[in-house]
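Visitor: This is the structure I want to talk about, given as structure tokens.
The values are calculated or read from the model by the stated rules, or taken from the named source; none is laboratory data. As the structure is a prediction and not an experimental result, all values here were calculated from the model. We place every Cβ from the backbone using ideal geometry, glycine too, and count neighbours over all the protein chains shown. Note: areas computed on protein heavy atoms with side chains; ligands, DNA, RNA excluded. Shrake-Rupley method; radii C 1.70, N 1.55, O 1.52, S 1.80 Å.
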Amino acid sequence: IEEGAKFFVRDLTFEGNKGLSAGTIRGVMATKERFFIPLLRSGVLKRPDLDQDVERIKALYLDRGYLQVKVAEPEIRIDKAANRLDIVIQIEEGSRFRTGTVDVKGSTIFTPEELLAGLKLPKEEFFGRDVLRTDLLVLSGKYAELGYVFVDVVPVTRVRADETIVDVTFDITEGIKAYVERIEIRGNTKTRDKV
């Protein structure tokens, strides 16, 4: 084995990012630039982490409304004289999409107004996947509180690319109400079940 010198990430730069700052993008990445602080193992390049970083950057943009974002394969530039690596990531942001109409259908227990009142997406100016996921949990939780544990909430999105708007309809299948039939306790040798 001829190991050679150990290389560290000196510079991590992005090209094409206008909507999000370099600091914001670096914040979601596992790959970090080299910092000369004891006990910090920063600056080590791990290829699987860098591959995942591309997906993390895409997810960040999608959560901010950039539905057409494209993140290129990172370009690694080697400076052998300084034992350093420079990483350049090309980003094509595309347009930022706004939240359009938000509606619910299929509900017989709650009115659309009752369900929409607890959602964040209608109040957001820009469409975000993370907000959409949060609202799915809110709707499922509202039904679960009444015993509808098998409720199915499916977000149906309609992208109006020419207007850069996303309309969302939450399609709800309520299912049947679940009841607790019996509670069984095992392993209680010193205390009776009714306690």
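Visitor: Return the residues of region 51-75 that are touching a residue at least 24 places away in the same chain (Cβ under 8 Å) and either of a type in the set (Ser, Thr, Tyr) or closer than 16 Å to residue 32 by Cα (or both); say none if nothing qualifies.
Guide: Answer for region 51-75, where residues must be touching a residue at least 24 places away in the same chain (Cβ under 8 Å) and either of a type in the set (Ser, Thr, Tyr) or closer than 16 Å to residue 32 by Cα (or both): 53, 54, 56, 57, 61, 66, 74.
Visitor: I've got another one for you. Restricting attention to region 165-195, and to residues there that are touching a strand residue (DSSP E or B) at 6+ places or on another chain (Cβ under 6 Å) and open to solvent by less than 70 Å² (accessible area, probe 1.4 Å), which single residue is farthest from residue 103 (Cα to Cα)?
Guide: This residue is 165.
Visitor: Given 129, 186, 192, 182, which one is closer than 26 Å to residue 93 by Cα, basic (Lys, Arg) and at pLDDT below 95?
Guide: Result of the check over 129, 186, 192, 182: 129.
Visitor: Here's another thing I want to ask about it. Checking residue 103 against (1) out of contact with any Ser or Thr (no Cβ under 9 Å at 6 or more places or on another chain); (2) at pLDDT 95 or above; (3) of a type in the set (Asp, Glu), which single condition isn't satisfied?
Guide: With (1) out of contact with any Ser or Thr (no Cβ under 9 Å at 6 or more places or on another chain); (2) at pLDDT 95 or above; (3) of a type in the set (Asp, Glu) applied to residue 103, the lone miss is (1).
Visitor: Restricting to region 67-100, name every residue that is in contact with a Ser or Thr (Cβ under 7 Å, 6 or more places away or on another chain) and of a type in the set (Gly, Ala, Ser).
Guide: 95
Visitor: Can you confirm whether region 148-162 contains a residue that is over 24 Å from the mean Cα position of the chain (by Cα) and under 24 Å from residue 63 (Cα atoms)?
Guide: yes
Visitor: Wholly within region 76-188, which strands (runs of 3 or more DSSP E) include no fewer than the required count, namely at least 2 residues that are free of Cβ contacts under 8 Å to residues at least 24 places away in the same chain?
Guide: Output list reads 152-160.
Visitor: Oh, and also: Taking only region 83-100 into account, find how many residues are within 14 Å of residue 33 (Cβ to Cβ) and open to solvent by 40 Å² or more (accessible area, probe 1.4 Å).
Guide: 1
Visitor: Is it fair to say residue 80 is at pLDDT 95 or above and open to solvent by 40 Å² or more (accessible area, probe 1.4 Å)?
Guide: Taking the combined requirement at face value, the residue does not satisfy it.
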